[in-house]
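All of the numbers you see were taken from the coordinates with simple rules; none came from a lab. Predicted, not measured: the structure shown is a model, and the values here were computed from it. With ideal geometry, Cβ positions are generated from the backbone for all residues, glycine too; neighbour counts draw on all protein chains shown.
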Amino acid sequence: MRREVPIIICFLAGFFFISDYFIPQEDWTEVAHRVNQWAIIVIAFAYVLGVANIVRVNSQVIRRKGDDWKYKIVLLCGLVLMLTLGIGLGIERGTAFNWVFMNAIYPLQATMFSLLAFFIASAAFRAFRIRTWTAALLGITAVLVMIGRVPVGEIIWPDFPDFIEWIMNVPQLAAKRAIMIGAALGAISTGLKVLIGLERTYMGGE
Amino acid sequence: MELIGTWLAAGLTLFIFSFLYRDNPFYKFAEHLYVGISAGYWVSLQYHNVFRPNLWDPLMRGDLTLLIPFALGVLLFTRFTKKFFWLSRWALALIIGIFAGIAIIGYGTGDLIRQVHANILPLWTGDWLGSFNNFLLIFGVLTALIYFFFSKEHKGAVGAGAKIGIWFLMISFGASFGYTVMSRMSLLIGRVYFLLGDWLRLIS
Amino acid sequence: MKDKIVRILEYLDKLDRRIIFIFIAAAVALPLLFPLDIDFSVTPPVRGFYDTIQSVPEGSKILLSCDYDPGSLPELWPMHVSAVRQLCQKNIKIVCTQLWPAGSPLAEAAFEEVALGEFNKEYGVDFVNLGFKEGREVVMVSMGTSIPKTFPTDYHGNRVEDLPIMEGMENYEDLDLIVNISGGLPGTKEWILQVVSRFHIPLVSGCTAVVAPEFYPYLQSGQLQGLLGGMKGAAEYEKLVGITGLGRRGMDSQSVSHIIVFLFILIGNIAYFTTRKGKKK
């Protein structure tokens, strides 16, 4: 029963979703819509589970004074602060919650991602090595797109943007389409395997 | 408050940038702060945007069928126990089942059928460039698909097709790399614009 | 002389990456301080985005889905703000949703800056922010059945049935277009697979440059009517809408930084192959 019931739930959930596409009948759509609404709620609980796990793991580190345990206190304090502000005082424009988002979360996240610019430049200098003809093709295309897609490319050659659009619309598109078709076939077969119970890795161990 | 906010944002930005020199306490502080307040942010948003309007309020109005997703959601937390861990699979099964259905319908109709249909193009369009483009598109898709067909050894005609397919794939990866560089640089431009413009007011 | 060049190239082959970082920082900062004002043309995918919105009749209702977070803000915020501006210019009513948690405050900020600040639009009549909903594709499909049941309240806690803009709105059939600002997953691809293919509503997308190449097949197949790719796409769109925002201002830095990266690739390869040849001898 420990494995059979989840397989049945999995099949029924997927069945309702797929059948809704093929049975455009109001009562059936209403049932499928209801199952979708349940999934929205359960997925929201999964977010809370993730955060509860963050609390559990970091509390353990603090308790046994593990690596960087003082910073874990900062983490938990930040979490409690946002929960208090958000659930207690509201999330709208003008609230403290919104202020912390715009002046802390936004700059922190934006800056974290902006570090990638430095690393991609460093990788381009130290690791981008054109050793084979296919690598040369990749490199030449990359350089053409990099220069052609910025305004300075139009100064070098006025038709550069049109040439890049041609690369994007023909050879690049062909390869992407092939990848898409292959990935679609893979996704459909994996989805079917999950629904009929052949693929059960989501259940974890015993 | 706006001035305090700008200085706080600038300070946190510089804390993160300090990592470029080397790992240091300022970066660690900012990194852990980010994880903590983001996690609190997510839960607060779920509370206001999902739990209250989609679960609690309808439940209070008498929609008792919502006790099912509520129970499944609570069962997710049995993952923290050794004895009742298996109950969390019920909730996961609902999510996985729905997303499996999503994949089948979405990829089937949106990617597979429509993309194959869009690749069935006339080899003669009335002008040489259009015809050449259509031919190259069809040829490129077919040879790239041949490359991904690993059930037959890449020898002879299949091998030649696969080799040409790799050329198209390399062009595609090169284009993706070029666009990725553009994307990453844009992110840095945004932060530097904030530091020079909003914080130091050096940009008009 | 030859030995000197080889020694320089050997040094470059082992260059400390922090020196590379300084070059990149300078390449981005200097053009912002000393603009070059290089002009550029508008590409067809961006023109398609703009023209599709222009073709929507005045007074129609469209869905604006802001599916991004601050991590991709420099690329997507200029597009987002310009899209709201064009929609307000055309008096098109905006129903806004977010599938990314951090998209909600950004959507609010864009409405405050443009809809309320520039055009004096009225909340609940000319535009509404339905807020964030968890569930990704499930939410997209659920809206195809009923938008009010999926979003019973808006971002501010108002019941949607009390809002004039939501009167008579049940699902995608009551909308003329979807404008998606997408930072990744869930985003444009999911809207195309789950909504465009199933409910036959046109879609235009503004997305990060990382994923833009993936969407060209959808442009060609007609599943996507217009595409803004990255900060360059945002800059071209700003030009069409008639403003100078972060997109256009960032183009000079984009140009210089790309040239620097190209030079890094070139010098890196020359240094590598030269030192390798030396070692082989």
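Numbers for the structure displayed
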{"item": "Span from the region A:166-206 Cα centroid across to the region C:1-28 one, whole angstrom", "result": "42"}
{"item": "Built amide H within the under 5 Å cut-off of C:GLY131, gap 5+", "result": "C:GLN98, C:TYR155"}
{"item": "Cα-centred dipole magnitude for chain C, charges only on beta-carbon of K, R (+1) and D, E (-1), debye, nearest 20", "result": "2180"}
{"item": "Extension gain (nm, one decimal) between B:LEU200 and B:ILE138, 0.36 nm per residue minus Cα-Cα", "result": "17.0 nm"}
{"item": "Magnitude of the charge dipole, region B:126-204, Cβ model with Lys/Arg +1 and Asp/Glu -1, debye to 20", "result": "240"}
{"item": "Spherically averaged projected area of region B:108-162 from its Cα convex hull (nm²)", "result": "4.7"}
{"item": "Per-q log10 I(q)/I(0), chain A, q = 0.08, 0.10 Å⁻¹ (Debye; single scatterer per alpha-carbon; no solvent)", "result": "-0.64, -0.98"}
{"item": "Label-point separation, A:ARG2 to C:ASP39 (7 Å along Cα→Cβ), nm", "result": "7.3"}
{"item": "Two-site label geometry, A:VAL61 and C:ILE5: point separation in nm, points 7 Å out along Cα→Cβ", "result": "5.2"}
{"item": "Label-point separation in nm, B:THR6 to C:THR244, each point 7 Å along Cα→Cβ", "result": "2.0"}
{"item": "Acute angle (nearest 10 degrees) that the helix C:251-280 long axis makes with the longest principal axis of chain C, alpha-carbon atoms", "result": "40"}
{"item": "Shielding score for A:11-21, defined as the mean number of other chain Cβ atoms within 10 Å", "result": "6"}
{"item": "Local electrostatic count, C:TYR218, Cβ distance below 11 Å [Lys/Arg +1, Asp/Glu -1]", "result": "+2"}
{"item": "For chain B, convex hull of alpha carbons as volume per residue, Å³", "result": "330"}
{"item": "Viscosity 0.692 mPa s, temperature 37 °C, Stokes-Einstein D of region C:26-161 from Kirkwood C-alpha radius, µm²/s", "result": "199"}
{"item": "Projected area averaged over orientations for region C:44-249, convex hull of C-alpha atoms, nm²", "result": "9.7"}
{"item": "The protein assembly as shown: C-alpha gyration tensor shape, a/c 1.5 cut-off, then a/b vs b/c", "result": "rounded"}
{"item": "Nearby lysines by direct alpha-carbon distance to B:LYS83 (threshold 22 angstrom, same-chain neighbours under 8 apart not counted)", "result": "none"}
{"item": "Tail fraction, Cα-Cα pairs, region A:1-89, threshold 19 Å, whole percent", "result": "62"}
{"item": "Viscosity 0.692 mPa s, 37 °C: Kirkwood-radius Stokes-Einstein D of region B:43-98 over Cα pairs, µm²/s", "result": "267"}
{"item": "Neighbouring partner chain Cβ atoms per residue of C:187-198, average, 10 Å criterion", "result": "4"}
{"item": "Over chain B, relative contact order from alpha-carbon pairs under 8 Å, at least 6 apart, %", "result": "12"}
{"item": "Cβ-Cβ FRET estimate between C:ILE22 and B:ASP63, R0 fixed at 60 Å, reported to 0.05", "result": "0.50"}
{"item": "Entries in A:LYS176/C:LYS189; A:LYS70/B:LYS28; B:LYS82/C:LYS133; C:LYS61/C:LYS232 that, when Cα-Cα distance is taken, lie over 20 Å", "result": "B:LYS82/C:LYS133; C:LYS61/C:LYS232"}
{"item": "Ranked list, fewest to most other Cβ atoms within 10 Å of each Cβ, for C:GLU122, A:GLU154, A:GLU199", "result": "C:GLU122, A:GLU199, A:GLU154"}
{"item": "Residues of type lysines that B:LYS152 reaches as a straight line, Cα spacing below 17 Å, ignoring anything fewer than 8 places off in the same chain", "result": "B:LYS163"}
{"item": "FRET efficiency estimate (nearest 0.05) - Cβ-Cβ, B:LYS28 to A:ILE140, R0 56 angstrom", "result": "0.85"}
{"item": "Rounded FRET efficiency, nearest 0.05, which uses the C-beta distance separating C:GLU58 from B:HIS117 and R0 of 35 Å", "result": "0.55"}
{"item": "Protection proxy ranking, peptides B:83-90, C:16-23, C:204-211, C:181-188, average beta carbon neighbours within 10 Å, highest first", "result": "C:204-211, C:181-188, B:83-90, C:16-23"}
{"item": "Trypsin sites (Lys or Arg not before Pro) restricted to DSSP loop in region A:12-78 with at most 13 other C-beta within 10 Å", "result": "A:ARG64, A:LYS65"}
{"item": "Region A:71-87 versus region C:97-118: alpha-carbon centroid distance in Å", "result": "25"}
{"item": "Ascending count of other beta-carbon atoms within 10 Å, so fewest first, for A:VAL170, B:VAL181", "result": "A:VAL170, B:VAL181"}
{"item": "Whole-number D in µm²/s for region B:126-204 (Stokes-Einstein; Kirkwood sum over Cα pairs; 25 °C, 0.890 mPa s)", "result": "153"}
{"item": "Euclidean distance of C-alpha centroids, region B:41-75 and region A:26-40, integer Å", "result": "16"}
{"item": "Estimated [θ] at 222 nm from DSSP helical runs (n ≥ 4, -39500 (n - 2.57)) normalised by residues in the protein assembly as shown, nearest 500", "result": "-20000 deg cm²/dmol"}
{"item": "Charge tally in the Cβ shell below 12 Å around C:PRO164, where Lys, Arg are +1 and Asp, Glu are -1, C:PRO164 excluded", "result": "-3"}
{"item": "Neighbour-count order for A:TYR21, C:TYR216, C:TYR237, fewest beta carbons within 10 angstrom listed first", "result": "A:TYR21, C:TYR216, C:TYR237"}
{"item": "Test item: A:86-92 mean partner chain Cβ contacts at 10 Å", "result": "6"}
